[in-house]
Amino acid sequence: MLEASVQDEIHGILRETDIPRKLHAAEHLVREQRFVGGATVGAGAPRAVRPGRPAHWTILPALEMTQRPDLQSPDGRFQLMHSVAHIEVSAVELALMAVADFPDQESGYYRDMLSIAGEEVEHAWLLWNRLGEMGGELGQEPVHLALWETAAAHSDLAERLAVVPRILEAKGLDVSAKLRGRLRGARDVASAEVLDRVYHDEIGHVRRGTHWYRTICHRRGLDPESHFIGLAEQFRSTRPIPFDRRGREKAGFTKREMEAVLGRELPDP
Ligand SMILES: [Fe+2]
Ligand SMILES: [Fe+2]
């Protein structure tokens with residue numbers, strides 16, 4: 001069971017509009033490792049707490065932000081790193097929501113989700129600093145809250161774990177190699193190295209997501225593979241997508257699950 005004050009603290013971090021303050025508060029919560037004992041949270045549906053952003057930022061619907069930046073230009077590389085930086089801030093919030101929204105789990109679940117939140121904070125700082133080195137700052141480009149909107153739309157824990165680590169974060173694995181290659185091709189090794197580090201950690205996030213997803217499914221008598229396949233089909237892209245089979249295998253995907261994500265058969269390994 002989750003301690004009620006931890007849930008309140010997380011809601012405060014989600015609402016925080018100042019990004020460095022948000023990240024410091026998340027770091028503090030992760031370091032404390034305080035989640036059980038004391039007055040616990042009552043049962044009930046997760047409360048959707050919209051994440052705070054500075055008032056001067058431009059927040060657009062994701063559908064209006066489909067332009068692909070040109071990585072041959074410094075501005076395009078900045079736009080790419082800016083969007084990754086905002087994804088990492090959102091990922092901190094999603095990992096904390098995985099704690100606050102599901103107050104009746106075992107301590108091992110909270111320990112894993114908080115350790116993921118801690119790594120997301122590190123990623124957010126890495127990207128924050130990289131934007132500074134590139135001569136800009138987070139918030140100078142428009143952002144969207146689609147990750148939060150998608151997570152908040154899935155208030156069932158098995159679905160949340162299928163959708164957040166296994167669909168959204170796993171998509172990040174798919175695109176990573178190509179982006180890192182293009183950054184190196186444009187001689188932006190510093191940005192590529194930041195994304196190398198993030199990629200390595202994200203495999204661990206998806207793997208831990210897979211572990212808890214399967215644990216929750218088994219506890220409920222759900223078949224994890226067919227439950228995942230049903231959801232993955234709803235998220236399938238109609239365009240050809242890059243696909244990181246090796247990374248996904250390391251993160252625990254079965255061949256049938258990967259085929260559901262791709263919408264086509266894969267050769268045997
Ligand atoms: Fe991350
Ligand atoms: Fe992650």
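Bear in mind these aren't lab numbers, they're just calculated from the coordinates by the rules spelled out. Bear in mind the structure is a predicted one, so any value in this text is a computation, not a measurement. Note that we place each Cβ from the backbone using ideal geometry, even for glycine, and neighbour counts take in every protein chain shown.
Of the set (1) closer than 30 Å to V41 by Cα; (2) free of Cβ contacts under 8 Å to residues at least 12 places away in the same chain, all apply to I216 but (2).
Once region 103-125 is narrowed to residues that are part of a helix (DSSP H, G or I) and of a type in the set (D, E, K, R), the residue that is nearest to ligand 1 (Cβ to nearest atom) is E120.
Among the residues of region 244-269, those that are farther than 21 Å from R208 by Cβ and not in a helix (DSSP H, G or I) comprise G263, R264, E265, L266, P267, D268, P269. Would you check which residues across region 79-102 are more than 10 Å from ligand 1 (Cβ to nearest atom) and not hydrophobic (A, V, I, L, M, F, W, C) and list them? Answer for region 79-102, where residues must be more than 10 Å from ligand 1 (Cβ to nearest atom) and not hydrophobic (A, V, I, L, M, F, W, C): Q79, H82, S83, H86, E93, D101. Determine whether G172 is in a helix (DSSP H, G or I), closer than 26 Å to M97 by Cα and not aliphatic (A, V, I, L, M). So G172 fits the description; yes.
Where residues in region 86-102 are over 10 Å from the mean Cα position of the chain (by Cα) and assigned to a helix (DSSP H, G or I), which of them is farthest from ligand 2 (Cβ to nearest atom)? Reasoning before the result, please.
To start, the set of residues in region 86-102 that are over 10 Å from the mean Cα position of the chain (by Cα) comprises 86, 96-102.
Still in the list and also assigned to a helix (DSSP H, G or I): 86, 96-100.
Values: H86: 14, L96: 12, M97: 13, A98: 11, V99: 14, A100: 17 Å.
Per the stated criteria, the residue is A100.
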